[in-house]
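The values are calculated or read from the model by the stated rules, or taken from the named source; none is laboratory data. If you're wondering where the values come from, they're calculated on a predicted model, not measured in any experiment. Please note: Cβ atoms are built from the backbone with ideal geometry, for glycine as well, and neighbour counts cover all protein chains shown.
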């Protein structure tokens, strides 16, 4: 029963989160994100190294779009890294608001951190077919010193 309640709560949270982050007017790219490496401080809480997850990339191309974000999701969990400020693509270095939902634990966690990402092409437009994002996300899950190295590839979601 508890697991059913947790899964239902996650479904609601994910639905609200994805609905909030997937503004119908905002362009979204679907893809895969690989956790290429992680610092020792991430373990044992998160053993993500060499793991792959589904991901969404959402730049902020219009002034009416939500802030740029990377969203990762897998079985029973969703994580979002939403950029601070007015960065259109998250290309370069900046800070983010992180949110993590876990059905298995029945929890939601929020934190802040920094990122250093290379987005290719550097000037993403609404008709850009492919986007690649590589780099590091620091302070993952609010764990001091926990840094993830990521490689990801995304394909424009067609209307």
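Sort through 40, 88, 110 and tell me the only one that's under 17 Å from residue 134 (Cα atoms) and modelled with pLDDT of 85 or more.
The conditions single out 88.
Yes/no matrix, rows are residues, columns are (1) under 15 Å from residue 28 (Cβ atoms); (2) touching a helix residue (DSSP H, G or I) at 6+ places or on another chain (Cβ under 6 Å):
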residue	(1), (2)
78	yes, yes
85	no, no
99	no, no
113	no, no
122	no, no
130	yes, no
133	yes, no
139	no, no
147	no, no
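Of the numbered conditions (1) over 22 Å from residue 39 (Cα atoms); (2) touching a residue at least 40 places away in the same chain (Cβ under 8 Å), residue 150 satisfies every one except a single condition; which is it?
Result: residue 150 passes all but (1).
When you scan the stretch 117-133, how many residues do you find that are within 13 Å of the chain's Cα centre (by Cα) and in contact (Cβ under 8 Å) with a residue 60 or more places away in the chain?
Count: 1.
Looking at the stretch 91-116 only, could you name the residues that are surrounded by 14 or more Cβ atoms within 10 Å (Cβ to Cβ), in contact (Cβ under 8 Å) with a residue 40 or more places away in the chain and at negative phi?
Passing the criteria: 96, 98, 99, 100, 101, 102, 103, 108.
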